[in-house]
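Data block below; observations after.
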Amino acid sequence: MFEVQLDGVPVISKKNRLKFGRGRTYKDKVVADFEAELSKAAAEVVAQLPDFSAWTCPVKMVVVVQVPDKRRRDLSNFLDTICDALQDIVYCDDVQIVSIDATKKLASSWSLYISVEPAEN
């Protein structure tokens with residue numbers, strides 16, 4: 001099982017995350033920075049797991065996002081960015097995700113908990 005907790009880092013929504021300019025599509029800097037931070041945290045956790053390599057089997061995921069205020073935020077948009085950030089570290093491709101249990105809670109500060117494990121056949 002893979003687990004990671006990220007505290008105090010705003011979870012960036014995928015909504016409007018792609019920018020267009022000069023004939024190409026690119027990610028906004030804040031989105032790219034968030035994905036890099038989550039990828040780095042995931043890589044640190046994976047490095048501590050003996051003989052771990054990115055799963056190629058179907059996986060299930062649990063995500064808990066804690067937000068610091070009542071502004072409208074779409075949980076599904078958070079998930080897209082989180083799934084992309086873990087790709088090639090925890091699993092080879094996010095198409096392997098067959099189940100997601102996601103929760104958004106109100107809290108005093110930003111927090112993100114993610115758990116990923118192989119799905120039962």
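The values are calculated or read from the model by the stated rules, or taken from the named source; none is laboratory data. Just so you know, these numbers come straight off a predicted model, no measurement behind them. We place every Cβ from the backbone using ideal geometry, glycine too, and count neighbours over all the protein chains shown. Calculation scope for accessible area: heavy atoms of the full protein, side chains included, ligands and nucleic acids excluded. Shrake-Rupley method; radii C 1.70, N 1.55, O 1.52, S 1.80 Å.
Worth pointing out:
- Across region 98-121, the number of residues qualifying as outside any strand (DSSP E or B) and small (Gly, Ala, Ser) comes to 4.
- Among the residues of this structure, Asp94 counts as one that is more than 24 Å from Gly8 (Cβ to Cβ) and open to solvent by less than 60 Å² (accessible area, probe 1.4 Å).
- Those residues of region 39-87 which are part of a loop (DSSP other than H, G, I, E, B) and more than 22 Å from Leu106 (Cβ to Cβ), in sequence order: Leu49, Pro50, Asp51, Phe52, Ser53, Ala54, Thr56, Cys57, Pro58
- Only one entry in Ala41, Ala107 is surrounded by 18 or more Cβ atoms within 10 Å (Cβ to Cβ) and out of contact with any helix residue (DSSP H, G or I) (no Cβ under 6 Å at 6 or more places or on another chain), namely Ala41.
- Being surrounded by fewer than 16 Cβ atoms within 10 Å (Cβ to Cβ) and over 21 Å from Gly8 (Cβ atoms) is a property that does not hold for Asp69.
- Filter pass, Ala32 being within 23 Å of Val64 (Cβ to Cβ), modelled with pLDDT of 75 or more and not acidic (Asp, Glu): no
- Listed conditions (1) open to solvent by less than 40 Å² (accessible area, probe 1.4 Å); (2) of a type outside the set (Lys, Arg); (3) closer than 21 Å to Lys40 by Cα; (4) in contact with a Lys or Arg (Cβ under 9 Å, 6 or more places away or on another chain) are all met by Ala119, apart from (3).
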